[in-house]
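Student: Just passing along the structure, written as structure tokens.
The values are calculated or read from the model by the stated rules, or taken from the named source; none is laboratory data. Everything numeric in this text was worked out from a predicted model, so none of it was measured. Cβ placement follows ideal geometry from the backbone for every residue including glycine, while neighbour counts extend to all protein chains displayed.
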Amino acid sequence: MWTCPTAYTWEVIDQSGNVIDTYNSHQSSFQLTNTSNIVDSIYTIRLIVGDTTTGCDSILTSDTITVFHNPLADFNQNHTALCAPNTIQVIDSSTAGTGLVYQWTTNPPTTTITNQNGDTTDIIFPDNQSGTSNFYDINLLVTTTDLCTHNTTYQVELYTRPDANFSITDTGCGEVTYTTVNNT
């Protein structure tokens, strides 16, 4: 039985028609990238198989391959430190194509988020009279219609409120000097 000596040439072609990679052996996988946050990348994989004895070849071209863009999650907030209890507004400023889905969370999850899936929302922080600041991570996860995701986190410091308190003797006869004890 005679077998034909074969040569393989794999070509990776970008959406402009430029050959960006060539392989001269069997390829079981290709690494394709997309660094854009807005536009999808399209590639074509072409296989050329040739008979090294006769010089005859056959060209097989695959369908196009789309590498979806990755969104870049980002947001603006009107405060990074505030007194307790308080509310801040966060506004999405992500970079992506169309059709983003938003998911806002905080850690610890003791806040109230008025619209967890909106591009803008208010975050309501609880009271804090612990004597030390509490720190909250505000997280935004964005997902494209092609299910590509990215997330980002910013930290907010919630200052403690002083606990104003005092005691005083509230009875006495005649002329009495009353002294307060500061329990703040």
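Student: Hey, among VAL39, VAL90, VAL12, VAL49, which residue is touching a residue at least 12 places away in the same chain (Cβ under 8 Å) and surrounded by fewer than 12 Cβ atoms within 10 Å (Cβ to Cβ)?
Tutor: Numbers: VAL90 fails: surrounded by fewer than 12 Cβ atoms within 10 Å (Cβ to Cβ); VAL12 fails: surrounded by fewer than 12 Cβ atoms within 10 Å (Cβ to Cβ); VAL49 fails: surrounded by fewer than 12 Cβ atoms within 10 Å (Cβ to Cβ).
Unique residue meeting the criteria: VAL39.
Student: Inspect region 122-144 for any residue being touching a Phe, Trp or Tyr at 6+ places or on another chain (Cβ under 7 Å) and either without any contact (Cβ under 8 Å) to a residue 24 or more places away in the chain or among the acidic types (Asp, Glu) (or both) and give the result as yes or no.
Tutor: Within region 122-144 (the criterion being touching a Phe, Trp or Tyr at 6+ places or on another chain (Cβ under 7 Å) and either without any contact (Cβ under 8 Å) to a residue 24 or more places away in the chain or among the acidic types (Asp, Glu) (or both)), the answer is no, since none of the residues qualifies.
Student: Specify the residue that is farthest from LEU100 (Cα to Cα); the eligible residues are those in region 10-43 that are more than 27 Å from the chain's Cα centre (by Cα) and of a type in the set (Ser, Thr, Tyr).
Tutor: Our first condition is that a residue be more than 27 Å from the chain's Cα centre (by Cα); within region 10-43, this holds for 10-29.
Those left that are additionally of a type in the set (Ser, Thr, Tyr): 16, 22-23, 25, 28-29.
On the way: SER16: 27, THR22: 36, TYR23: 37, SER25: 41, SER28: 34, SER29: 30 Å.
Among residues in region 10-43 that are more than 27 Å from the chain's Cα centre (by Cα) and of a type in the set (Ser, Thr, Tyr), the one farthest from LEU100 (Cα to Cα) is SER25.
Student: Those residues that are in contact with a Leu (Cβ under 8 Å, 6 or more places away or on another chain) and closer than 17 Å to CYS148 by Cα, I need them from region 93-118; list them, please.
Tutor: Step one: filter region 93-118 for residues in contact with a Leu (Cβ under 8 Å, 6 or more places away or on another chain), giving 94-96, 102-105.
Scanning region 93-118 gives SER94, THR95, ALA96, TYR102, GLN103, TRP104.
Student: Of the numbered conditions (1) without any contact (Cβ under 8 Å) to a residue 12 or more places away in the chain; (2) surrounded by fewer than 12 Cβ atoms within 10 Å (Cβ to Cβ), ASP21 satisfies every one except a single condition; which is it?
Tutor: (2)
Student: Name the strands (runs of 3 or more DSSP E) wholly within region 128-173 that hold at least 2 residues that are out of contact with any Lys or Arg (no Cβ under 9 Å at 6 or more places or on another chain) and in the same structural domain as PRO108 (by TED's automatic domain parsing)? Don't jump to the end; show me each part of the working.
Tutor: On the way: elements: 134-143, 149-159, 166-168.
Here the list reads 134-143, 149-159.
Student: Yes or no: ASN78 more than 15 Å from the chain's Cα centre (by Cα) and at pLDDT below 95? Steps first, answer last, please.
Tutor: Details: more than 15 Å from the chain's Cα centre (by Cα): yes; at pLDDT below 95: yes.
In short, yes.
Student: Sticking with this structure for a sec: Out of THR106, THR111, THR145, THR121, I need the residue that is at pLDDT below 95 and β-branched (Val, Ile, Thr). Which one? Outline the logic, then answer.
Tutor: Values: THR106 fails: at pLDDT below 95; THR111 fails: at pLDDT below 95; THR121 fails: at pLDDT below 95.
None of the others qualify; the one that does is THR145.
Student: Same structure, new question: Could you say which residue among THR61, THR54, THR95, THR114 is surrounded by fewer than 12 Cβ atoms within 10 Å (Cβ to Cβ) and without any contact (Cβ under 8 Å) to a residue 60 or more places away in the chain? Before the answer, list the steps.
Tutor: Numbers: THR61 fails: surrounded by fewer than 12 Cβ atoms within 10 Å (Cβ to Cβ); THR95 fails: surrounded by fewer than 12 Cβ atoms within 10 Å (Cβ to Cβ); THR114 fails: surrounded by fewer than 12 Cβ atoms within 10 Å (Cβ to Cβ).
The unique qualifying residue is THR54.
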